[in-house]
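Q: Pasting a structure below so you can have a look.
The numbers here are math on the coordinates, done by the rules we state, and not lab data. On a predicted model such as this, the values are computed, not experimentally measured, just so you know. Virtual Cβ from ideal backbone geometry, glycine too; neighbours counted across all protein chains shown.
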């Protein structure tokens, strides 16, 4: 009988680069920057690492295929290294690989590192794969971009809950302005500027109704974690470390695209993935028990509907919760994107999942500076890769080891 | 009987106003104005001869069993492939049988009529029974050429057969010559034309009559036996002359559609013939002639069967479904006649795998998906395992054609990031009524006209072009059907779901209406009423509150009654406890309970005074305090006080009431400060009700409006989370609302600040002390001290007068000369034409020259730049509420002419 991952694995060190348009460095330098901080933080040497996982997505414009970019860059001494690619969950997948590896007892200490160098494409936004997307998809898929795919959530959500377009647009704007207020306080964030709801609403349209400020940035970055078993952490003399409470993944079954039950207004994957994660972590009432969240806010509307799929907001009530400031850092609810989110960090795909965990790590260790949340209990991170009608959702829940 | 069984037409929706060609290119080719009448049709950027052929053929096969078709010929001089059978593509798109013959007939404008003759003869031979002949042309010409004016794009389709014909084939006569009026080499994009006079005199005028006369002789008929004579000829005068020469009167001749769509090449004899058949009566004789390197003439006689043809779009419907375009450069871009920068993003690879195209030909060209034999779920694409999660059967899919199934929009966007010839790229999820869905590109629509729930048709379009390899990929797109969108939600109506409200004095009148409306909008309501008589005396009968609760429950709402008095602290607490016990919290409190004890002060005994104070002022304290404590716990609250005009302005015989009511304003002013950080907003309403105050002043029809319903919306707005204002007092009644505020005059400082001012100083400066000019409304007491402290320093110049309020389009133009920045205008010589639509709109032009600005109402012949906008949007733009760039990208602001010059407007005018 499977017992889940709860409290089996400890995170003993993490590192994260400054995210942004890092014109002066490539993926290799970013990996070393994150890894150096992580190693020092964990107090382990490179030789203590027995296996590693590399999360990276767009190898075409990035490091290339395989896990060799990690093993050769970090000069890892002929140990097993694996590359994971699962869209925006790639970083969390690397973490999942490392966590499961130590939980299985195969290794004592493992490394998970995510990296993405996006700013070598010559233009903003993600690369356009054209016919490389897939030999059949290319022949019939519409002319979709990421913002265009996610923007449709807004039209479907407004129609389903009978919400005037303008009301939804304002709530979406607040999702972004709230994250910017947090990002302002984070020296590692890419965008550090306060913006008002009005500015978001007036920003130029990218994909109706998403304006520029409804979209996350595009940046370079890397983040990593060193994990071990709880026993090993204790034997190393670690105190107040944090453990993994839940690691869940859910992928579309094709129903969203092909079967007329989904209304296009939310994520079926996240709905199911979060339910399983709460069960694994032993959480009964997430609205009360989750202390902070890092959601996959690739677009404001993604974050807004995700509140409901995470069962924090009731169906149809996310707009009201947002406008009530429930997700603001000091709104008295569940602070969301405390570090600034994808909105302010940008989204170097392979790095994002681990970047989110990094904020949780800082918060639990009381190292989040001005952003510090008082006495957090459970922290949740969420990644959503693909498009609303076909996607990969990953959810991690972490918290202090209490025993 | 052999002949035409059915027809179908397709003219692209887009029509170019020919004058727009002249407007742009008249400087270069002034003579083109001679043929610049009306409109010409042109393909959308994703259409070509092949897509038009598919659409015309689908129209033709309306109501026909497609499995009966045993041949298809596609006639066109502009097919997208030189070596790949386009008719085989049409056949696949139409899901026709595999064991049929197909062929492309091309290289002459008469290829359509020649194929008709050949196909009819093949049917006569008995080898085949039903042959579909489709003619289509997308005619290309270089910019600013007569032929660009003359040409149009379109397609027509005819099903020929030997049963159920609507027009019997009577015979044909053909002549063939190498008469080269124009030609196009295999490797050239455009026609090379010889002198028009020769083409007219030696070509059209000789060869068409020769073929028609030959036909008449062969059939032993004359023009007198013909009801309708159809032949294309884009020379308008020549068209008439040839007809006349052959003895046809003007009413026998079918118009050449120059004004409606232009000359559609090989398709044009079909387009004109179909138009004739649409009007024909049984027994009519129709003669059609097609010209090009010779001429074919055919004669048909319409049968009774024509009445049984199911209705269809045809040419008539195609011509009616149009969007006129005045933007010539858009036309040029759509036809790839101008090169635009498409950006690095457009450099993506575009190769097509022929193996995939072959395996998935039915899916891609025919929009064929699957239907599960086990559970009956239609699905797209067809895959090996059923998509229905409750079924999941393996290998049960049967072919299912989606192209004619009715569908509607589930979600959509207008994408400005996607590489597109016509941004924004509009696409979204479409769902079929009987099951199945897919994510589709939309076409032939504007983003503003698209909504969730709207119905769509499916259309065969070009999906991509691989220029490197000279390949075009085709798939199906959704065309939103105008007028089928469900009504859009403008306002949802503010809701109170999950909120708990207390309304005191809710047994009747205003309080009752507040309670009912709150409940209707989802709030759980504590209906408090002592149930006493009007003056508050006597034992509470519990009935008024109960009745209102009952009413709410009957309407499906939630409510509990409370009978406690607001006049005591215990009563107040009990009311709040009722809410906590029943619903666990309080979000909204409306202090509405009140009584009257009207007396002049002379007759006002202490008990009259105290009773009113107890209910209104102390009563508000008694309920508000316990409620406030609960709201603070939840960090949310909305508190409403009820004041009165009697207190605000004074009313004879109500000193007690006036004092209590105005006391509440003071209460609010401070409570708003204490509640602010907990999101507790406090506001006050002064309802205008039928009282002695209004009696005799108001006409009876207005008295009718002195009902609670005319006050309630404002009070409910104060109760909503949408209302973020606090500390406001509003008059509300009869549907009229205005704000009441305590204003503080600018005042004056006397005595220089060191010396105490004298009594005489006060007298002397009385006007300066009491003036309200420039009076201010202060948010709190501290703020009011500021001006006092600043009084000895000269005040900063007052900010510009408010321009935002009450601004109209007319006022903007009246004020334009004042907003003009002459210093920015040196060397500027422009005319801006403003065409502002809507009730408040109009047309103005503004001429700026020699540093002067002249604003004139009315149009201008040759404006540098024309600005088109709706009146509301324009006012918002000028008042800064709307960003010019976003107005432009969203299409609210349209700029024609010199776009660059339009950017001067921002510099030239300061509002």
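Q: Which parts of segment B:602-640 would a label at residue B:659 reach, counting a residue when its backbone N lies under 16 Å from a point 7 Å out along Cα-to-Cβ?
A: Only B:602-619 fall inside the zone, counting backbone N under 16 Å.
Q: Among DSSP bridges having both ends in segment B:628-738, what percentage is antiparallel? Round to the nearest 5.
A: Around 25 percent of the beta bridges assigned by DSSP in segment B:628-738 are antiparallel ones.
Q: Let me ask you something else. Would you kindly work out the equivalent ellipsoid of the protein assembly as shown from its C-alpha gyration tensor and give its semi-axes, the square roots of five times the eigenvalues, largest first in whole Å?
A: Values: eigenvalues 867, 405, 205 Å².
Semi-axes, largest first: 66, 45, 32 Å.
Q: Oh, and also: How high is the FRET efficiency from residue B:582 to residue A:375, r the C-beta distance, R0 30 Å, rounded to 0.05?
A: About 0.35, to the nearest 0.05.
Q: For segment A:1-157, what's the radius of gyration and Dmax over Cα atoms, in angstrom?
A: Rg then Dmax for segment A:1-157, in Å: 18.1, 53.
Q: Between the helical axis of B:569-583 and the dominant principal axis of chain B, each derived from Cα atoms, what acute angle in degrees is found, rounded to the nearest 10?
A: Tilt of helix B:569-583: around 30 degrees.
Q: How many percent of DSSP beta bridges within the protein assembly as shown run antiparallel, rounded to 5?
A: Details: 139 of 205 bridges.
So the antiparallel bridges amount to about 70 percent of the total.
Q: Another one. Could you put B:365, B:601, B:706 in order, starting from the residue whose Cβ has the fewest other Cβ atoms within 10 Å?
A: B:601, B:706, B:365
Q: Taking Cα pairs under 8 Å and at least six residues apart, what relative contact order does chain A come out at, in percent? Could you put the intermediate results ahead of the total?
A: Numbers: 957 pairs, mean separation 103.5, N = 403.
This gives 26 percent for chain A.
Q: Between residue B:34 and residue B:704, what length comes free when the chain is fully extended (0.36 nm per residue of separation minus the Cα-Cα distance, one decimal in nm)?
A: 234.6 nm is the gain from fully extending residue B:34 to residue B:704.
Q: Once you sort the root eigenvalues of the Cα gyration tensor of segment A:302-403 as a ≥ b ≥ c, which label holds: rounded (a/c under 1.5), prolate (a/b larger than b/c) or oblate (the other case)?
A: oblate
Q: Testing the spin-label approximation: label points 7 Å from Cα along Cα→Cβ at residue B:469 and residue B:351. State their distance in nm.
A: 0.7
Q: For residue B:422 and residue A:192, FRET efficiency with R0 = 25 Å and r from the beta-carbon atoms, rounded to 0.05?
A: 0.10
Q: Shifting gears a bit: What translational diffusion coefficient, to the nearest whole µm²/s, does segment B:100-184 have by Stokes-Einstein, given a Kirkwood radius computed over alpha-carbon pairs, a temperature of 4 °C and 1.567 mPa s viscosity? Don't skip to the answer; put the middle values down first.
A: Values: Rh = 15.2 Å.
The calculation lands on 85 µm²/s.
Q: Sequence gap at least 6, Cα distance under 8 Å: using those rules, report the relative contact order of segment A:243-352 to the nearest whole percent.
A: Taking the mean separation of contacting Cα pairs over the length of segment A:243-352, I get 24 percent.
Q: Here's another thing I want to ask about it. Take the Cβ-Cβ distance between residue B:910 and residue B:885 as r, set R0 to 30 Å, and report the resulting FRET efficiency rounded to the nearest 0.05.
A: Numbers: r = 18 Å, r/R0 = 0.62.
Calculated value: 0.95.
Q: Need one number: convex hull volume per residue for segment A:87-192, Cα atoms only, in Å³.
A: 222
Q: May I ask for the angle, rounded to the nearest 10°, between helix B:619-634 and the longest principal axis of chain B, with both axes built from Cα atoms and the value confined to 0 to 90°?
A: With rounding to tens, the tilt is 50 degrees.
Q: Angle, helix B:49-60 long axis vs. longest principal axis of chain B, Cα atoms, 0 to 90°, nearest 10?
A: 90
Q: For a label point 7 angstrom out from the Cα of residue B:124 toward its Cβ, which stretches of segment B:166-184 have the backbone nitrogen within less than 19 Å?
A: The answer is B:166-176, whose backbone nitrogens lie closer than 19 Å to the label point.
Q: Across peptide A:317-328, how many C-beta atoms of other chains are within 10 Å of each residue C-beta, on average?
A: Average per residue, whole number: 2.
Q: Give me the number: length gained by fully extending residue B:497 to residue B:484, i.e. 0.36 nm times residue separation minus the C-alpha to C-alpha distance, one decimal in nm.
A: 1.5 nm
Q: If you don't mind, another one. Based only on other Cβ atoms within 10 Å, what is the fewest-to-most ordering of B:354, B:631, B:223?
A: B:354, B:223, B:631
Q: Any idea how far the Cα center of segment B:617-669 sits from the one of segment A:159-214, in Å?
A: Between the Cα centre of segment B:617-669 and that of segment A:159-214, the gap is 38 Å.
Q: Can you list the equivalent-ellipsoid semi-axes of segment B:538-647, largest first and in whole Å, using the square root of 5 times each Cα gyration tensor eigenvalue?
A: Semi-axis lengths for segment B:538-647 are 27, 18, 13 Å.
Q: Something else about it: When the chain is fully extended, how far beyond the present Cα-Cα distance does residue A:40 get from residue A:263, taking 0.36 nm per residue of separation?
A: Once the chain is fully extended between residue A:40 and residue A:263, it gains 75.5 nm.
Q: Just report the Cα centroid separation between segment B:696-748 and segment B:429-465, whole Å.
A: Their Cα centres are 48 Å away from one another.
Q: Okay, next question. Measuring from centroid to centroid over Cα atoms, what is the spacing of segment B:325-387 and segment A:359-392 in Å?
A: Taking the Cα centre of segment A:359-392 as reference, the centre of segment B:325-387 is 39 Å away.
Q: Remind me, relative contact order of segment B:285-327 in percent, using alpha carbon pairs under 8 angstrom and six or more residues apart?
A: Over segment B:285-327, the number comes to 26 percent.
Q: Using only the C-alpha atoms of chain A, find the volume of their convex hull and express it per residue in Å³. Could the numbers behind the result be given before it?
A: Working: hull volume 54.9 nm³, N = 403.
In chain A, the Cα convex hull volume per residue is 136 Å³.
Q: Related question: Expressed as a whole percent, how much of the Cα-Cα distance distribution for chain B exceeds 57 Å?
A: So the portion of pairs separated by more than 57 Å is 38 percent.
Q: Between residue A:61 and residue B:894, how many nm apart are label points set 7 Å from Cα along the C-beta direction?
A: 3.5
Q: So for the pair residue B:398, residue A:136, with labels modelled 7 Å out along Cα→Cβ, what separation do we get in nm?
A: 2.2
Q: Further, regarding this structure: By count of other Cβ within 10 Å, fewest leading, how are B:263, A:255 ordered?
A: So the ranking, lowest neighbour count to highest, is A:255, B:263.
Q: Quick one: go through segment B:613-641 and flag any residue whose amide nitrogen is under 11 Å from the point 7 Å out along the Cα-to-Cβ line of residue B:678.
A: What the label zone holds, given the 11 Å backbone N cut-off, is B:625-638.
Q: Using the Cα atoms as the points, what is the convex hull volume per residue of segment A:198-319 in Å³?
A: Looking at segment A:198-319, the number lands at 183 Å³ per residue.
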